[in-house]
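The values are calculated or read from the model by the stated rules, or taken from the named source; none is laboratory data. Only a predicted model underlies this, so the values are computations on that prediction, with no experimental measurement involved. Positions of Cβ are generated from backbone atoms using ideal geometry, with glycine treated the same way; all protein chains shown enter the neighbour counts. We work out accessible area using only protein heavy atoms, side chains counted, and drop any ligands, DNA or RNA first. Shrake-Rupley method; radii C 1.70, N 1.55, O 1.52, S 1.80 Å.
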Amino acid sequence: MQGAVDHLADCVLQVLGPDGEVAGSGFLCHPDGYALTCWHVVRPRAENDAATGIAVFGGRRVVWTLCTRRSTPTGDIAVLKLSTTEPTPSEWPNLGLDTRWRVTGSDQLHSFGYPEGPFADEGIPIAARIQGVTPTRVGGLYVHPLVGFNLDDVQGGYSGAPVLNESTQKVIGLVQAKRHETQAFIVPLMPLFAAWPELREFHDVFERIRRHLGAQATSALEDKLHAAPFIPLNFEVGLIEDEPGGGDETGTGTNTDSQDHGRTWARLSLRSLL
């Protein structure tokens, strides 16, 4: 199942710094090869719109290009576009994103990231819970504290790793790791969706269901209308014609035929109603 805990490692990558060692983690969020990481992970290279760097994904090096317009530096989220000289998959493996922040303090959260240092080091899974659903402001950024780690220390290399909610099987945010013991936060996805609304539309399951049901209802209605016989309505309109220089006080003219009610009748054109 896409976004399942067992598939976390298959979608996570190591973002290398200028020194060639792991600066942070990231994960694929779109089948076209788009990945997310924390902005502070790529900040040393984010000097222009064409910033590029190297990541390790699936044991091979890939090139990433920073998508500045889709990123949210103030939300600490960077969008990377991956490319490789090897054959590019028709669809990159990717994790589903929760567009509606469905998480409670009792939900079990999972992540997978890489420690700082040589990229040959293996990644380590993380289990945690959210410390309340009310955000905390840290360094000008609204984040959600994580508690209950199964690691003694969450190093900076875990910044940018996905935080997946076991109950929804969707990613609710990114890990923002600190350099001292067990302090880490969730960077929420809402600022990213504001900067890249197409990504929200892609991952919004409820909206896709609504559109699908709407299309089904429209198609069913069209089928019923085509199957029903069309009965034209032959309406007529009566016009009162006054004779020049004549007519009675009621303005009904001189035509007093009781059958025609003093009017000249003709078929009604629906265009005349407009």
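Find how much the distance from Asp6 to Arg60 grows on full extension, using 0.36 nm per residue of separation minus their present alpha carbon separation; answer in nm with one decimal. Provide the component values of the computation, followed by the final result.
Working: separation 54, 0.36 × 54 = 19.44 nm, distance 2.08 nm.
Stretched out fully, the Asp6 to Arg60 stretch lengthens by 17.4 nm.
Determine the order of Asp76, Asp19 by accessible area, beginning with the largest, at a probe radius of 1.4 Å. All intermediate terms of the calculation are to be shown ahead of the outcome.
Numbers: Asp76 10, Asp19 115 Å².
Heavy-atom accessible area, descending, gives Asp19, Asp76.
Can you give the net charge of the other residues whose Cβ lies under 12 Å from the Cβ of Ala195, counting K and R as +1 and D and E as -1? Write out the running numbers ahead of the final one.
Details: positive: Arg69, Arg70, Arg200; negative: Glu198.
Here the count lands on +2.
Can you send over the solvent-accessible area of Arg61, 1.4 Å probe, protein chains only, in Å² to the nearest 10?
130
Quick one: if you stick a label point 7 Å off each Cα along the C-beta vector at Glu241 and Arg263, how many nm between them?
1.5
If r is the Cβ-Cβ distance from Leu225 to Ser83 and R0 is 45 Å, what FRET efficiency results, to the nearest 0.05?
Details: r = 49 Å, r/R0 = 1.09.
Plugging the Cβ-Cβ distance into 1/(1 + (r/R0)^6) gives 0.35.
At Val133 and Thr104, where each label point lies 7 Å from the Cα along Cα→Cβ, what is the point-to-point distance in nanometres?
Going by the 7 Å Cα→Cβ label model, 0.8 nm.
Report the local net charge at Arg129: Lys and Arg +1, Asp and Glu -1, summed over other residues whose C-beta lies under 13 Å from its C-beta.
On the way: positive: none; negative: Asp107, Glu166.
With Lys, Arg at +1 and Asp, Glu at -1, the neighbours total -2.
Could you give the length gained on full extension between Phe206 and Val147, defined as 0.36 nm per residue of separation minus the Cα-Cα distance, in nm?
Working: separation 59, 0.36 × 59 = 21.24 nm, distance 3.00 nm.
Between Phe206 and Val147, full extension yields an extra 18.2 nm.
Taking the convex hull of the Cα atoms, report for segment 25-176 its projected area averaged over all directions, in nm². List each step's numbers first, then the result.
Working: hull surface 37.6 nm².
With every direction weighted equally, the projected area is 9.4 nm².
Given the whole protein assembly as supplied and a 1.4 Å probe, what does the accessible area of Lys224 come to in Å², nearest 10?
150
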